[in-house]
1. At what distance in angstrom do the alpha carbon centres of the range B:51-124 and the range B:125-190 lie from each other?
2. Roughly how many nanometres apart are two label points built 7 Å out from the Cα toward the Cβ at B:Ser172 and A:Trp19?
3. Rank B:Phe571, B:Gly427, B:Leu402 by how far each Cα sits towards the positive end of the charge dipole of chain B (+1 on Lys, Arg Cβ; -1 on Asp, Glu Cβ) and give me just the farthest.
4. Which value, in debye to the nearest 20, gives the size of the charge dipole of the range B:236-338 about its Cα centre, when Lys and Arg are +1 and Asp and Glu are -1 at the Cβ?
5. In terms of Cα to Cα distance under 19 Å, which aspartates and glutamates are near enough to B:Lys592, apart from those fewer than 8 places away along the same chain?
6. Starting from the alpha-carbon convex hull of chain A, give the projected area averaged over all orientations, in nm².
7. Among bridges DSSP assigns within the protein assembly as shown, what percent are antiparallel (round to 5)?
8. Distance in nm between label sites at B:Val506 and B:Ala619, each 7 Å beyond Cα in the beta-carbon direction?
Amino acid sequence: MKLSNLPRRVPARIAAIDWDSLPPADGSRLRALGFEQGAFIETLHKGMLFWRDPIAVRIGRMTVALRTVHAQAIECEERR
Amino acid sequence: MSVHQPLVALAGNPNAGKSALFNALTGARQKIANYPGVTVERKSGRLFLSDGRPVEIVDLPGSYSLKPHSLDEKVTRDVVTGQLDGQRRPDVIVVVVDASNLNNHLRFTLELIELGLPVVVALNMVDLAKRDGLELDPENLSAQLSVPVIETVAVRRRGISELNAAIENALSGTKSDAPLPADLDNEDRLALLSVRAHKIARSAVKSETATRQWTRIIDSVLLNPVAGFLVLVGLLFLMFQAVFAWSEAPIGWIEGGMEALGSAAAAALPDGLIQSFLVDGVIAGVGSVIVFLPQILILFLFILILEATGYMTRAAFVMDRMMASVGLSGHSFIPLLSSFACAIPGIMATRSIRDEKDRLTTILVAPLMTCSARLPVYTIIIGAFIPARSVGPGIGLQGLVLLGLYLFGIVGAMIVSLVLRRSVTKGEGSGFLIEMPKYQMPRIRDVAIGLFQRAWIFMRRAGTIIFFATILLWALLSFPKTPVDSGISQVDYSVAGRIANAITPVVEPIGFNRDIALALIPAMAAREVAVSALGTVYSIDAEEGDGATLLGDQLAADWTLPTALAFLMWFVFAPQCVSTIAVTKRETNGWKWPIFMVVYLFALAYVMAGITFWLARAAGL
């Protein structure tokens, strides 16, 4: 499931990241923020007012905000 | 400063508490300048070793990696690798690491250690980590990194003397001349480092229990799609309310003090040129500007507190989608908010925007945010022309007009950025990607230091640019002296008056008179000078002085309402501030964009003032 579709408060793990679909600068910024295969991730907040963008996720012990454009490149799997 | 004084650099990820640690290490003994050749702010201070030897300590811009993504990060990299011309390479690097974020911060630490310089790690915010249920083992961390690790709580000044000792120790250690790793930017190498960082982080954690998630609880309100928006709007309302309400008393004190100083000087000095120079020129001119210090400080107080608590990035989150609809992102929110105080810190704050076109657009629209320098102009014109009538319960007509001027600026900025994003700064949006730090109680001392620095910058500006502009105008207005009994007014006869007479035909179609043309010239130095300029014009022309107190009445008698409204509208748009133009030139590395900015803003100001004038005339005002 893509991170952009991951419901709130569902513990998940990053299964894969499609680096090629991201601009290189954004890709390495995501990496610097701890986005990588296997990292624990959870969607905390989705959007503002009537928009579904941006989203805030918990990655490791950090909270990071990103737009759904980037979240679409991140494949997650539920963690049980 | 002696060349032999050792240099210590403070590096670390953003939100690691670097600035607080820098404040704790150096106290208020700080110097703010720019790095040579670039406009990134260089904050340095001094530290004394146990034997009294001074050490220079510099606070590097926060970075996630040595592979730079912004101007700030490039400076950090160039300093620690010794590649920034005119800036010597540090002797020791202190890496500030957020204890609760080891997993992420250790990669940058490893990158820095590999450079070969002596490194000391400050394991910061250990108290928050503990409260968060994280028990760390600093000895283990130190052993694995092979560098000293000191636990610190910068905001409580804990661990500072231990850190000092470790820095001293590292300074006396041997310096390796090992060559720099050749592949600093290599993504594979960075990926390997991050695997290593995770392993070290895991083994340095003694125990990790479920967290007491204060930040989560607060965020569930502040990032709620509806409540979060309302809270931000409420905060902004409170902020602007405070800017006006809280500043009333201190402004009164400053005005009183300036008046007393003026009359004292007038009484002490014989009538003549020197008296006129000091009273009409220096005291009236500079005084009319430092009156705004309280408002600027209140605005910055809010901004600094919002930043220190960690709320600013939430505000950026709340605003991101809305700003995206005009082609910007949440990253632009903080610079534009700062621009309400002054466009200069606002434009400098755009450095954190990674996308060049986003950044350029933000710089170009920043002057449209109503900065505090416009307030004196707005205040005096509104006071003179808009009746203090109530139009509803608790809503005054004057306040409503002022709010309208702010809104004109904001809507103008939105339309302009929409147009720019489809023309000159066309390109894909950079998106929005930002770490949201934990909430923290702001430390009064850190806020006070920040506030003091802003006040100092403003006073220096008042003491230099505004001071000289006022003196120049006074001189231009006072010379040449009209021949006795000629019946010509001094203003008309002076150099400034002659220049203004030449400009008048250009601005007459938008309802401006000669006095306005005259005030607009020195107001290029800074907008607020327009007020002191009008004051000087009328006080030099008036037989018996006392021009300042009567300025409002004099304007009301001399100007028509359409002229006054056009004058207000002019100031919403006109780029009347050389400092802003200069900082735009510095930040965009050339004259192209500042010239573009000046031209489009003047064109907009002329057209909008003209429309206002003729509409008001047609409406029979």
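1. Taking the Cα centre of the range B:125-190 as reference, the centre of the range B:51-124 is 11 Å away.
2. Rounded to a tenth, the inter-label distance reads 4.5 nm.
3. Selected residue: B:Gly427.
4. 500 debye
5. B:Asp355, B:Glu356, B:Asp358
6. In nm², the orientation-averaged hull projection of chain A is 4.8.
7. Expressed as a percentage, antiparallel bridges in the protein assembly as shown total about 65.
8. Distance between the two pseudo-spin positions: 2.9 nm.
Laboratory data are not the source of any read-out in this text; all were calculated from the coordinates shown. Just so we're clear, the structure is a prediction, and the values are computed from it rather than from any experiment. So basically every Cβ, Gly included, is an ideal-geometry build from the backbone, and we count neighbours across all protein chains shown.
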